[in-house]
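Notes follow once the structure below has been shown.
The values are calculated or read from the model by the stated rules, or taken from the named source; none is laboratory data. Keep in mind that what you see is a predicted model, and the values were worked out from it rather than measured. Here the Cβ is made from the backbone with ideal geometry for all residues, glycine too, and neighbour counts use every protein chain on show. What goes into the accessible areas is simple: the full protein's heavy atoms, side chains included, and nothing from ligands, DNA or RNA. Shrake-Rupley method; radii C 1.70, N 1.55, O 1.52, S 1.80 Å.
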Amino acid sequence: QVQLVESGGGLVQPGVSLRLSCAASGSIFRINTMGWYRQAPGKQRELVAGITNGGTTNYASSVKGRFTISRDNAKNTMYLQMNSLKPEDTAVYYCNLNQLLGTFWGQGTQVTVSS
């Protein structure tokens, strides 16, 4: 089993930055892909950004150039640096880890961007 715990969410004004963290523990395989997803009220959960254990990244077009995903394999921790936040970034952000024999989710952290 794998446990994922997100932190760093909050209420911020448009234009500011926020950094989310996801700490993973348990039976983590060396080869895996991690990602950040988000779900806004009334909308489907969507991929925000993903990163492989080798550091290859991909981003949703809506956040490209504003968000940066990274990970520290030694600490089993993933980050999402979010800059120039917009009201449409408001959502619950979920951490995801996908590896052989399992896909795991965190409990989510709320990000609200509002003036």
How many residues does region 88-115 hold that are under 12 Å from Leu20 (Cβ atoms) and open to solvent by 70 Å² or more (accessible area, probe 1.4 Å)? 1
Would you tally the residues in region 43-74 being modelled with pLDDT under 95 and open to solvent by 60 Å² or more (accessible area, probe 1.4 Å)? 3
Here is a check on your reading of the model: is Thr52 under 14 Å from the mean Cα position of the chain (by Cα), free of Cβ contacts under 8 Å to residues at least 40 places away in the same chain and within 24 Å of Arg30 (Cα to Cα)? yes
Among the residues in region 77-100, are any over 15 Å from Gly9 (Cβ atoms) and aromatic (Phe, Trp, Tyr)? no
Can you find, within region 15-32, the residue that is nearest to Cys95 (Cα to Cα) among those that are open to solvent by 60 Å² or more (accessible area, probe 1.4 Å) and touching a residue at least 24 places away in the same chain (Cβ under 8 Å)? Arg19
Which one of the conditions (1) in contact (Cβ under 8 Å) with a residue 60 or more places away in the chain; (2) at positive phi does Asn76 fail to meet, given that it meets all the rest? (1)
Whether any residue in region 100-108 is at positive phi, in contact with a Gly (Cβ under 9 Å, 6 or more places away or on another chain) and not hydroxyl-bearing (Ser, Thr, Tyr) is what I want to check. yes
Lys43 versus (1) outside any strand (DSSP E or B); (2) within 14 Å of the chain's Cα centre (by Cα): which is the lone unmet condition? (2)
